[in-house]
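The values are calculated or read from the model by the stated rules, or taken from the named source; none is laboratory data. Bear in mind the structure is a predicted one, so any value in this text is a computation, not a measurement. Every residue, glycine as well, gets a Cβ built from its backbone with ideal geometry; the counts of neighbours run over all protein chains shown. Areas reflect the complete protein model, heavy atoms only, side chains present, ligands, DNA and RNA absent. Shrake-Rupley method; radii C 1.70, N 1.55, O 1.52, S 1.80 Å.
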Amino acid sequence: VQRVDPATGAARVVAHLPHRLGHASALLLGDRVLVAGGRTGPDRLTARLWWFEPGSGRFRRAGRLPTPLADAAALTRGSTGYLVGGETPAFSDRVLRLRLR
């Protein structure tokens, strides 16, 4: 996890994911970041969800998506997050709604 200063463009590593992960989606919900799905290897997708707490730099498990998903677009509106499309590993046109608890 990197923190970027938009004014200077400088970036620094502030935390590490608990497991190898790429192609995940990230959503800001409240004061935490929800990391959703992704790839744990070239041909392995995950349905795992993680909460990242920027203040402490810690991750904790947050449940699972209904199906493994990678490369989904992510957006938030208030306390609701949405994952749009992605791969399951086939291309998906599904929209998943995630609510802050």
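Which of the residues spanning segment 1-19 are charged (D, E, K, R) and open to solvent by 90 Å² or more (accessible area, probe 1.4 Å)?
Those that are charged (D, E, K, R) and open to solvent by 90 Å² or more (accessible area, probe 1.4 Å): 3, 12.
Out of 22, 55, 41, 37, which single residue is modelled with pLDDT under 95, open to solvent by less than 60 Å² (accessible area, probe 1.4 Å) and not basic (Lys, Arg)?
Answer to the check: 41.
Kindly provide the set of residues from segment 64-80 that are among the small types (Gly, Ala, Ser) and modelled with pLDDT under 95, ordered by number.
78, 79 - these are the residues of segment 64-80 that are among the small types (Gly, Ala, Ser) and modelled with pLDDT under 95.
One line per residue, one yes/no per condition, for (1) among the hydroxyl-bearing types (Ser, Thr, Tyr); (2) touching a residue at least 24 places away in the same chain (Cβ under 8 Å):
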| site | (1), (2) |
| --- | --- |
| 32 | no, no |
| 46 | yes, yes |
| 56 | yes, no |
| 67 | yes, no |
| 70 | no, yes |
| 79 | yes, yes |
| 90 | no, no |
| 97 | no, no |
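With the requirement that a residue be open to solvent by less than 40 Å² (accessible area, probe 1.4 Å) and in a strand (DSSP E or B), what does segment 64-78 give you?
70
With the structure loaded, tell me whether residue 81 is on the phi > 0 side of the Ramachandran plot and not in a loop (DSSP other than H, G, I, E, B) or whether it fails that test.
no
Search segment 87-101 for residues being basic (Lys, Arg) and assigned to a loop (DSSP other than H, G, I, E, B), and hand back the single one that is surrounded by the fewest Cβ atoms within 10 Å (Cβ to Cβ).
101
Which condition number in (1) over 21 Å from residue 82 (Cα atoms); (2) in a strand (DSSP E or B); (3) under 14 Å from the mean Cα position of the chain (by Cα) is the one that residue 59 fails?
Failed condition: (1).
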